[in-house]
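Report on the structure given below.
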Amino acid sequence: MEDSRIGLPIGTALDRFIKRFQDDFPYATGELSQLLRDIALAGKVVNREVNKAGLINLSGSIGSENIQGEDQQKLDVLANIRFIRAFTKGGEACAIISEEDEKVVDLHNNGKYIIAIDPLDGSSNIDVNVSIGTIFSIYRRLSPVGSPVSEEDVLQPGINQVASGYLLYGSSTILVYTTGKGVNAFTYEPTLGEYFLSHHDLRIPDDGKIYSVNEASAHSFNEPVNQYLEYCKKNRHTARYIGSLVADFHRNLLKGGIYLYPSTDQNPQGKLRLMYECNALAFVVEQAGGKASTGTERILEIKPKSLHQRCPLYIGSKKMVDRATSYY
Ligand code: AHM
Ligand code: MG
């Protein structure tokens, strides 16, 4: 099956695809391509560890807590190490913002890119064989190479992303990313150790019937959210909630749907993190024709004030996000 628009067939290996489109990237020096390769490679390593987690007793808590006060799972820590190692060796990134690290990881090199990453999202699902994922954003540094990495470099709004995406370790492992020219997905073939183009120029359906929200918190949702949930029920929508953002998002991307994590009494700003969860998926969904909002504001336009800032998230099919936010 040859895709006439890009001249590359479904089944093209990731590396070949990246090479073919390298010149389309902003600045096109090959470093962004290399970063994507680094992410894909570290993703293979994490995929291997995720797959054997039950076997070698890697899963479960190690008793320490990360800076959000959440239980840190062993695989969270491992995934963080794998990705940071890949970026350190690669040399294209100068700084990393990670869910697992309180401060910016400054690599003290001449790299031009800043990475924001949630190395293993949905980690409470590891022990029960449910899909989990890695979420990443890539920014260009604003200060000149050679100078220290500045706060400006690190706290950039999502609209500045040059690439973003995620790896979903699910029934199969898939890498989905955008460099601002549509969204492509590559399914991992473990026996060959290679990713192949499986979804070219992904478009999220404009409308859908699936809504994904942790409704156990409905008592503390604000009125507009509950009004929208009422609408979903009256209009025979379908509730689907895995509890792994990447997995819920990916299903909705393919089938049409909306994912909501509004503010709650426990998490007044919402639970999800702007810099390494919301922005990356917001860039992907917009590139696929969907929308991402806090309820009142476009996610990609928020100017971050801190590394681990949270925000409410409404993300998915355009018409569903428009309807959900219309109650505000
Ligand atoms: P994590 O980064 O600690 O894994 O938390 C983020 C996860 C998302 O993947 C998921 O959608 C959400 O938290 C589930 O939260 P809740 O259990 O409150 O419904
Ligand atoms: Mg997370």
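The values are calculated or read from the model by the stated rules, or taken from the named source; none is laboratory data. Please read all numbers here as calculations on a predicted model, not as lab measurements. Note that each Cβ is placed from the backbone with ideal geometry, even for glycine, and that neighbours are counted across all protein chains shown. Quick note on the areas: whole protein, heavy atoms, side chains included, nothing else; ligands and nucleic acids left out. Shrake-Rupley method; radii C 1.70, N 1.55, O 1.52, S 1.80 Å.
Calculate, for residue 201 and residue 45, the FRET efficiency according to 1/(1 + (r/R0)^6) with r their C-beta to C-beta distance and R0 35 Å; round to the nearest 0.05. Please report the intermediate quantities before stating the final value.
On the way: r = 28 Å, r/R0 = 0.81.
Taking R0 as 35 Å, the efficiency between residue 201 and residue 45 is 0.80.
Is the stretch 210-326 best put as rounded, prolate or oblate by its Cα gyration tensor, with a ≥ b ≥ c the root eigenvalues, rounded for a/c under 1.5, and otherwise prolate when a/b is larger than b/c, oblate when not?
On the way: a/c = 1.56, a/b = 1.17, b/c = 1.34.
It is oblate, given that a/c is not under 1.5 and a/b is not larger than b/c.
Across the stretch 204-220, in residue order, what do the Karplus-derived ³J(HN,Hα) couplings come to in whole Hz, using 6.51 cos²θ - 1.76 cosθ + 1.60 with θ = phi - 60° and x for Gly and Pro?
Values per residue, Gly and Pro as x: 7, x, 4, 9, x, 10, 8, 10, 10, 7, 7, 6, 4, 9, 4, 4, 10 Hz.
Kindly identify the chain as rounded, prolate or oblate by the Cα gyration tensor criterion: order the square roots of the eigenvalues as a ≥ b ≥ c, call it rounded if a/c is under 1.5, otherwise compare a/b with b/c, prolate if a/b is larger, else oblate. Could you put the intermediate results ahead of the total?
Numbers: a/c = 1.34, a/b = 1.23, b/c = 1.09.
Note, shape of the chain comes out rounded.
Quick check on packing: order 263-274, 216-227 by the mean number of other C-beta atoms within 10 Å, highest mean leading. Mind showing how you got there, number by number?
Details: 263-274: 17.6, 216-227: 14.7.
Highest-to-lowest ranking by the protection proxy: 263-274, 216-227.
Could you identify which residue out of 45, 154, 128 has the top mean-square fluctuation in a GNM of the chain using Cα springs shorter than 10 Å?
Among 45, 154, 128, the largest GNM mean-square fluctuation belongs to 128.
Pop out the carbon and sulfur fraction of the accessible area of the stretch 210-326 as a percent, whole number, probe 1.4 Å. Could you put the intermediate results ahead of the total?
Values: 2030 of 4550 Å².
C and S atoms contribute 45 percent here.
Rounded to whole Å, give me the distance from the Cα center of the stretch 295-328 to that of the stretch 193-254.
Taking the Cα centre of the stretch 193-254 as reference, the centre of the stretch 295-328 is 14 Å away.
Just to verify a number: FRET efficiency for residue 214 and residue 108, C-beta to C-beta distance, R0 = 30 Å, to 0.05?
Working: r = 40 Å, r/R0 = 1.35.
The pair residue 214/residue 108 has a calculated efficiency of 0.15.
Once amide H atoms are placed 1.01 Å from N in the peptide plane, what residues at a sequence separation of 5 or more from residue 122, or on another chain, have their amide H within under 5 Å of its amide H?
Residues meeting the amide H criterion: 245.
Out of 321, 164, 254, whose Cα points farthest toward the positive end of the dipole of the chain (charges: +1 Lys, Arg; -1 Asp, Glu; placed on Cβ)?
It is 254, whose Cα lies furthest towards the positive end.
Using the basic label-point model (7 angstrom from Cα toward the beta carbon), what is the residue 152 to residue 309 distance in nanometres?
Going by the 7 Å Cα→Cβ label model, 1.7 nm.
Using the per-residue mean of other Cβ atoms lying within 10 Å as a proxy for protection, in what order, highest first, do the peptides 139-149, 290-300, 110-120 fall? Walk me through the numbers before you get to the answer.
Values: 139-149: 13.5, 290-300: 19.9, 110-120: 24.8.
With the highest mean Cβ count within 10 Å placed first, the list reads 110-120, 290-300, 139-149.
What percent does the relative contact order of the stretch 103-208 come to when contacts are Cα pairs within less than 8 Å and at least six residues apart? Write out the running numbers ahead of the final one.
On the way: 176 pairs, mean separation 18.6, N = 106.
Relative CO of the stretch 103-208 lands at 18 percent.
Can you work out the FRET efficiency for the pair residue 124 and residue 254, with r the C-beta to C-beta distance and R0 = 30 Å, to the nearest 0.05? Please list the in-between numbers first.
Details: r = 24 Å, r/R0 = 0.78.
It comes to 0.80.
How long is the gain from residue 171 to residue 21 if the chain were fully straight, where each residue apart is worth 0.36 nm and the alpha carbon distance is subtracted? Don't skip to the answer; put the middle values down first.
Values: separation 150, 0.36 × 150 = 54.00 nm, distance 2.85 nm.
The span from residue 171 to residue 21 would gain 51.2 nm if fully extended.
Taking the Cα-to-Cβ direction at residue 192 and at residue 296 and moving 7 Å from each Cα, how far apart do the two end points lie in nm?
The modelled label-to-label distance comes out at 5.0 nm.
Would you please classify the overall shape of the stretch 130-221 from the alpha carbon gyration tensor, given that a ≥ b ≥ c denote the square roots of the eigenvalues, rounded means a/c under 1.5, and beyond that prolate means a/b larger than b/c while oblate covers the rest?
Details: a/c = 1.94, a/b = 1.22, b/c = 1.59.
Taking the square roots of the gyration eigenvalues as a ≥ b ≥ c, the stretch 130-221 is oblate.
Given Cα pairs under 8 Å that are at least 6 residues apart, what percent is the relative contact order of the stretch 210-326? Could you put the intermediate results ahead of the total?
Numbers: 192 pairs, mean separation 34.2, N = 117.
Answer for the stretch 210-326 is 29 percent.
Can you give the relative contact order of the chain as a percent, counting alpha carbon pairs under 8 Å and 6+ residues apart? Could the numbers behind the result be given before it?
Working: 707 pairs, mean separation 50.9, N = 328.
Computed over the chain, the figure is 16 percent.
Taking residue 319 as the anchor, which aspartates and glutamates have their alpha carbon closer than 14 Å to its alpha carbon, excluding any fewer than eight residues away along the same chain?
206, 207, 286
So with the 1.4 Å probe, I'd like the accessible area per residue for the chain, rounded to whole Å². Mind dumping the intermediate values first?
Working: 13870 Å² over 328 residues.
Normalised by residue count, the accessible surface of the chain is 42 Å².
List the lysines whose alpha-carbon lies under 24 Å from that of residue 19, not counting same-chain residues fewer than 8 positions away?
Of all the lysines, those that pass the test against residue 19 - Cα under 24 Å, at least 8 places apart if same chain - are 44, 89, 112, 181.
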